[in-house]
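Asks: One structure is given below, represented as structure tokens, and several questions about it will come after.
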Amino acid sequence: RGILFGDLWRAASPKGMIEAGALTLAYWGVVFLEVWCFCKASGFDARVIHMALIVPPALLSSMIPISFSGFGVREFAMTILLQQPPVGTGYEQALLVSLMYDIIGLGIPALMGTIFWLARKEDDASQA
């Protein structure tokens, strides 16, 4: 069907902007809670507010175009930031949190998306 002008107009309405803003805040809240759970699982205590301060710069650092999809850069940034006060954890635990985010936070959703994409391609092929 594609994108119609009316769809864009509805999305740019005040109601659409409020909905998009609420979804964005909910998404980032889930990301902060996810990293906080990874911190708990790796054996150190951190507060969710600390994750709200650490995660955005670490994820923004992955936009530097020096590696494939930010791999390595994101891990380095998150590892360094988790070692700083007020969290101040050890290198191994900080690296573990970063790798858990990569594998669980990014890898599993990517795998699920690939499965749904392949299933849709098969449905499209069978309908043709």
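The values are calculated or read from the model by the stated rules, or taken from the named source; none is laboratory data. Everything quoted here is computed from the prediction, not taken from an experiment. Glycine also receives a Cβ, built like all others from the backbone with ideal geometry; neighbour counts cover every protein chain displayed. These area figures cover heavy atoms from the full protein model, side chains too; ligands, DNA and RNA do not enter into them. Shrake-Rupley method; radii C 1.70, N 1.55, O 1.52, S 1.80 Å.
For (1) among the acidic types (Asp, Glu); (2) in contact (Cβ under 8 Å) with a residue 12 or more places away in the chain; (3) over 30 Å from Ile80 (Cα atoms), each residue gets a yes or a no:
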{"site": "Pro14", "(1), (2), (3)": "no, no, yes"}
{"site": "Ala26", "(1), (2), (3)": "no, no, no"}
{"site": "Val31", "(1), (2), (3)": "no, yes, no"}
{"site": "Ile49", "(1), (2), (3)": "no, no, no"}
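Asks: Kindly provide the set of residues from segment 86-105 that are hydrophobic (A, V, I, L, M, F, W, C) and modelled with pLDDT under 90, ordered by number.
Replies: Taking segment 86-105 as the starting set, the residues that turn out to be hydrophobic (A, V, I, L, M, F, W, C) are 87, 94-97, 99-100, 103-104.
Within segment 86-105, Val87 is the sole residue that qualifies.
Asks: Taking segment 70-125 on its own, how many of its residues are open to solvent by 90 Å² or more (accessible area, probe 1.4 Å) and aliphatic (A, V, I, L, M)?
Replies: 4
Asks: So which residues in segment 38-53 are open to solvent by 70 Å² or more (accessible area, probe 1.4 Å) and part of a helix (DSSP H, G or I)?
Replies: Just the residues of segment 38-53 that are open to solvent by 70 Å² or more (accessible area, probe 1.4 Å), to begin with: 40-41, 45, 47, 49, 53.
Lys40, Ala41, Ile49, Leu53, listed by residue number.
Asks: Right, something else. Provide a single number: the residues in segment 1-14 that are in a helix (DSSP H, G or I) and surrounded by 10 or more Cβ atoms within 10 Å (Cβ to Cβ).
Replies: Let us first name the residues in segment 1-14 that are in a helix (DSSP H, G or I), namely 5-11, 14.
Cutting the leftovers down to surrounded by 10 or more Cβ atoms within 10 Å (Cβ to Cβ) gives us 7-11.
So the answer is 5.
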